[in-house]
Amino acid sequence: MPDHDVLIIGAGFSGLYQLYRLRELGFDVHAVEAGPAVGGTWYWNRYPGARCDIESIGYSYSFDTELQEEWNWTERYAAQPELLSYLDHVADRHDLRKDISFDTRVESLRFDDTADEWTALLDTGARITARFVVAATGCLSKPLVPAIAGIDDFTGDTYWTWDWPHDPVDLTGKRVAVIGTGSSGVQTITAIAPEVESLTVFQRTPTYAVPAQNRLIAQELAELKTHYGEFRDESRLSVGGFPCGDELPPFFEDLDDEQIAGELDRRYDDGGLCFQQSFRDLLQSPEANARAAEYVRRRIGQKVTDPATAERLTPRSYPIAAKRMCVDTGYYEVYNQPNVSLIDVTEQPIERITGSGIRAGGADFPFDVIILATGFDAMTGALDAIDIQSRGKALRDKWADGPRTYLGLMSAGFPNLFTVTGPQSPSVLSNMVTSIECHVEWISDALEHLRARGLTKIEPDEAAEDNWVNTTNDAADLTLLGQAPSWYMGANVPGKPRAPLPFVGGVGTYQQILDGVAVSNYHGFELV
Ligand code: FAD
Ligand code: NAP
């Protein structure tokens, strides 16, 4: 018999809930986590200004009604310390740590097709066997180290947003460079600008950021708690895993000019990513998209006083929302401060990092501190980092031309291995916690189903997988997603095949597909 029924890899939002759920169902389950503590994303990414971009009331578990009633989020968008203390609290409340091995990385997985079990080799030298493995390894957990020459030559302090020190970092009076203007860069830049002596931002592609309109939410939360359950139901059936008030927003072409302007004003002023739902076809219709993009460009121009800087900060080369939008708390205004400057690396390319700073466009810029906010090998990176083999084949070889999954949950030829928010599921296009709960519950139900029938193996059919890969690709082709060189398409990692990584059909639709598959006796899966 294997050591455990189920091995879970990772102890972030996904791994913690999967552990709780399976333990409640009476499975013998164990988790391993590469880090020394629970929290995943919110353990590692503790850079200044880190906070969620989905409202805290939705970016939280719904499975524990008492927790939901008791926990009081302070802000509309919680900051990293609050999110981490929430996950710590969940781990305490359900005594989850006793079943987690920390500081332990899974290096390889091998499937034994006769015994129907996986063997995990750990970086501690130990091995664990389990009938099933749930990879709760995270969509944004494998950092991307950019190919910038001389990165190790710098004699000042280098910090990575995804591995920020645990001791406070005092940037007062320092000359600081930030490379990268995605969500991590935008949050870091906004937070540190007031305290540093000088801040130089190296930007390759400007971002579309909309205001968070962050605020304290004590009263709103008290009101929500009178009907939190309904809110969660709505979240699960919504497009993005978080209700945007109006689940079926209008099509762009059904609105006249005044209504379009009103809708954009309303969404922008309300703040947050619901701006993307100003029009139902914002990511499908080039006209709708162009109008929303132009709106955000205009707002950037209103916020930044120097016209040349405003122009550099204005995104023009890709459709809005085709790359992850940012939710900001005063980002653009930072460039009006005299101590902040912007370097566009398409005009002044970074040549190398030197002992004393950064050489770009033939000029040397001296710094005390360099902060890299250069992103992740998203969705497939953490899975590819594990040498996963079954029937003489490696998962990373199977996925060499792009991921192939059935429902983003499993891959044919790799039985009994589930991925939480895996590629080709809504995952990063949604409120991730809604998508995590959806997957954890589906996986748990499937394992119960197998156990009740004395079955030991579950695997997708090749045909079902081919259909799902085509569905995912076709759905993405109906959108403007492919027009942006983004991490959604694998475009940020040199050599990574370009393929749409998330499923774009929406959380509600996807949930219904999963439910349908389960009630039709796990259609498309072979149960042995
Ligand atoms: P993670 O939190 O990434 O946890 C995975 C864990 O697995 C990690 O702790 C890692 O150490 C561990 N692990 C990986 N590989 C191995 C291995 N081989 N062996 C052992 N352990 C391993 N999403 C939203 O919906 N809203 C947000 O506001 C939001 N903000 C974000 C902010 C930042 C800075 C980042 C980076 C991501 C954000 N995301 C957000 C996405 C976020 O990753 C998810 O919301 C969520 O936290 C993912 O939880 P997870 O448990 O699936 O993965
Ligand atoms: P990211 O969005 O991929 O941004 C990375 C940035 O680094 C981009 O601006 C990129 O430029 C730049 N870059 C990369 N290599 C570079 C190089 N060699 N030279 C110059 N610039 C370089 O990564 P991220 O900011 O960490 O965010 C990743 C995702 O995590 C987000 O999209 C979001 O889903 C999540 N996240 C959310 C929040 C939040 O608000 N809650 C915060 C952080 C992260 P290009 O655009 O040109 O590639």
> With the radius of gyration and the Kirkwood radius both derived from the Cα set of region 364-427, what is their ratio Rg to Rh?
Replying inline: 1.21
>> For the chain, report the % of Cα-Cα distances exceeding 44 Å.
In response: 14
>> For region 247-352, which GluC sites (Glu not before Pro) pass both filters: DSSP loop (anything but H, G, I, E, B) and at most 10 other C-beta atoms within 10 Å?
In response: 347
> So what are the ³J(HN,Hα) numbers for region 10-22, from phi and the Karplus equation (6.51, -1.76, 1.60; θ = phi - 60°), rounded to whole Hz, Gly and Pro as x?
Replying inline: x, 10, x, 3, 6, x, 5, 5, 4, 4, 4, 4, 5
> Rounded, prolate or oblate: which one fits region 412-454, using the alpha carbon gyration tensor with axes a ≥ b ≥ c (rounded when a/c is under 1.5, else prolate when a/b beats b/c, else oblate)?
Replying inline: oblate
> Put +1 on the Cβ of every Lys and Arg and -1 on every Asp and Glu Cβ in region 131-254; which of 179, 206, 248 then has its Cα farthest towards the positive end of the dipole?
Replying inline: 179
> At residue 66 and residue 149, where each label point lies 7 Å from the Cα along Cα→Cβ, what is the point-to-point distance in nanometres?
Replying inline: 6.2
> Hey, rough spin-label estimate for residue 462 and residue 491, points 7 angstrom out along Cα→Cβ, what's it come to in nanometres?
Replying inline: 3.3
>> Which one, 91, 50, 73, projects farthest toward the positive side of the charge dipole computed for region 46-129 from Cβ point charges (K/R +1, D/E -1)?
In response: 50
> Could you list, bin by bin from short to long, the percent of Cα-Cα pairs of region 293-423 in 10 Å steps?
Replying inline: 9, 26, 23, 21, 17, 4, 0
> For region 142-242, what are the per-bin percents of Cα-Cα distances with bins 5 Å wide, up to the bin holding the maximum?
Replying inline: 2, 8, 14, 17, 15, 12, 9, 10, 7, 4, 1, 0
>> If you wrap a convex hull around the alpha carbons of region 1-129, what volume per residue comes out, as a whole number of Å³?
In response: 118
> Hey, rough spin-label estimate for residue 509 and residue 483, points 7 angstrom out along Cα→Cβ, what's it come to in nanometres?
Replying inline: 1.9
> Between their Cα atoms, which of 457/496; 174/323; 98/142; 225/303; 393/496 are more than 29 Å away from each other?
Replying inline: 457/496; 174/323; 225/303
> In region 174-274, what chymotrypsin sites (Phe, Trp or Tyr not before Pro) fall in a loop by DSSP, with at most 15 other Cβ atoms inside 10 Å?
Replying inline: 251
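Given Cβ point charges of +1 (Lys, Arg) and -1 (Asp, Glu) and nothing else, what value in debye, to the nearest 20, does the dipole of region 307-381 about its Cα centre take?
Approximately 200 debye in magnitude.
Place a +1 charge on the Cβ of each Lys and Arg in region 348-454 and a -1 charge on the Cβ of each Asp and Glu, then give the dipole magnitude about the Cα centre in debye, rounded to the nearest 20.
440
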> Dipole of the chain, Cα-centred, from +1 at each Lys and Arg C-beta and -1 at each Asp and Glu C-beta, to the nearest 20 debye?
Replying inline: 1020
> Considering only 350, 321, 403, whose Cα is most displaced toward the positive end of the charge dipole of region 307-407, charges sitting on Cβ of Lys, Arg (+1) and Asp, Glu (-1)?
Replying inline: 403
> Mind checking Rg over Rh on region 297-339, alpha carbons, Kirkwood formula for Rh?
Replying inline: 0.97
>> I'd like the orientation of helix 286-303 relative to the chain: the angle between its Cα long axis and the longest Cα principal axis, in ° from 0 to 90, rounded to 10.
In response: 50
> Where does helix 183-192 land angle-wise versus the long Cα axis of the chain, in degrees 0 to 90, nearest 10?
Replying inline: 50
> Rg to Rh ratio, region 413-514, alpha-carbon atoms and Kirkwood radius?
Replying inline: 1.01
> Counting DSSP beta bridges in the chain, what percent are antiparallel, to the nearest 5?
Replying inline: 40
>> If you average the C-alpha positions of region 226-298 and of region 107-154 separately, how far apart do those two centres end up, in angstrom?
In response: 38
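Read the figures in this text as sums done on the coordinates, not as results from a lab. Values in this document were obtained by computation on a predicted structure and should not be read as measured data. In this analysis, Cβ positions are derived from the backbone assuming ideal geometry, glycine residues included, and neighbour counts consider all displayed protein chains.
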